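Every read-out reported here was derived from the displayed coordinates using simple, explicitly stated rules and does not represent laboratory data. Note that the structure is a prediction, hence the values are computed from the model and not measured. FYI the Cβ positions are ideal-geometry reconstructions off the backbone, even for glycines, and counts take in every protein chain you see.
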Amino acid sequence: MNRHEFLNCPEVNGFINWAANFLRDDLQVLLQITTKGTKGAGVVKGTYKGINQIVKAYKWKSKWQTIDGSEAESIDWSTTSAYLSFLGDSLRQSVNERNLERTYEVCRLIIKWGGGDRNPNVGAIKFLTEKKLDGSLCEYIEQCQIQFCLDHADDNNLDKIGDMNAMLTKVHAIAAIDGLPIYDSRVAGAIACLIEIYFRKVEPDRKELPKELIFNPTDPAARRQVTGLCSTIRVTKEMTRSRTQNGIIQRSHEWAFSKIRLAWLIRAIIDKADENKKPLFNQEIIANKSEMHAFEAALFMIGFDVSCLGPNLLVH
């Protein structure tokens, strides 16, 4: 499946048309995010209406050293977006220059930002360290960039994606220049619940989702799945957690294509809202051309506990 085939799906188009209005004017979210859920940036609690208001509520704390050696901090969407732009520029430059040490260093900074730097012997750090030690890290990221390119991506051509998890998804998203989103458990849960809300409103008796709109959870916790919001007849399955070779290949492909389909979906919803002359975001986000990542940031906030979307099940 490529972008053209995805966007030509009638159910995808139906969701896009609905979401362009719903997310701007009707979405209601009751956020109750703990300090742990913002990586120490503080509690987020309250009722928010519309996706732009949710981005305004975004909190995630990180500290780093600036070029002049002073300490900087990101805590809200504006400062986080600036930091991630810096990391993206740094990663792409180091990859282009084949600077192995700097590429690895920036990847570690991305993982530290994401909160996944606790154990270097497992997960993303182990995977990236092995790529560094065999000298292939720069080439690997570049090959993945090519296959993740949203204009040309195809689920039949994702063989270079060697592994995927909650931290590697951040590395690839930040390496991209076209809005490829982070697809972690919070984002996966949020988009799946929005799709569930859509079908409850327009086709409540439908038992199976179209394959184009299946976004399987990456976390077994109910609060990161549709079942944490409501009971449903449109059950999806978790991505495999198997560490066998076949399991890794299966998960990497499914996770990678979920990222790509989500990007296609986000871009189309934003474009439809603009076409309707009802943009989803404020002028600062639009001017910075960060709408796609702002959309993802809103999903991240919602996905802390998807039950926050409960008020939307009561609205007819």
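Which distance in nm do the two modelled labels at Q250 and K126 give, with both placed 7 Å along the Cα-to-Cβ direction?
2.0
For S85 and D117 in one chain, what is 0.36 nm times their gap in residues minus the Cα-Cα distance, to one decimal in nm?
Length gained between S85 and D117: 9.5 nm.
Between K201 and Q32, take the C-beta separation as r, use R0 = 25 Å, and let me know the FRET efficiency to the nearest 0.05.
For K201 and Q32, the calculated efficiency is 0.55.
HN-Hα J couplings of region 6-20 from phi, Karplus 6.51/-1.76/1.60, θ = phi - 60°, integer Hz, Gly and Pro as x?
So the J values, rounded to whole Hz, are 4, 6, 8, 6, x, 5, 5, 4, x, 5, 4, 4, 5, 5, 4.
Going down the table (K59/K170; K237/K259; K126/K170; K45/K237; K36/K277; K126/K289), which pairs top 26 Å between alpha carbons?
Pairs exceeding 26 Å: K45/K237; K36/K277; K126/K289.
Using 7 Å Cα-to-Cβ label points, what is the R241/K211 separation (nm, one decimal)?
2.7
Rounded to the nearest 0.05, what FRET efficiency do Q283 and E142 have when you use their Cβ-Cβ distance and R0 = 35 Å? Working shown, then result.
Working: r = 34 Å, r/R0 = 0.98.
E(calc), rounded to 0.05, equals 0.55.
Each residue of region 256-265 in order: what ³J(HN,Hα) in whole Hz does its phi give by Karplus 6.51 cos²θ - 1.76 cosθ + 1.60, θ = phi - 60°, with x for Gly and Pro?
4, 6, 5, 4, 5, 4, 4, 4, 4, 5
Give me the number: length gained by fully extending S307 to Q65, i.e. 0.36 nm times residue separation minus the C-alpha to C-alpha distance, one decimal in nm.
Additional length available on full extension: 83.4 nm.
Sort L194, L314, L209, L7 so the one with the fewest other Cβ atoms within 10 Å of its own Cβ comes first.
Placing the least packed residue first, the sequence is L314, L7, L209, L194.
When only Cα pairs under 8 Å and 6 or more residues apart are kept, what is the percent relative contact order across the chain?
Value for the chain: 24 percent.
I need the phi-derived Karplus couplings for region 237-249: 6.51 cos²θ - 1.76 cosθ + 1.60, θ = phi - 60°, integer Hz, Gly and Pro marked x.
Going residue by residue, I get 10, 5, 5, 4, 9, 4, 9, 5, 4, 5, x, 5, 5 Hz, with x marking Gly and Pro.
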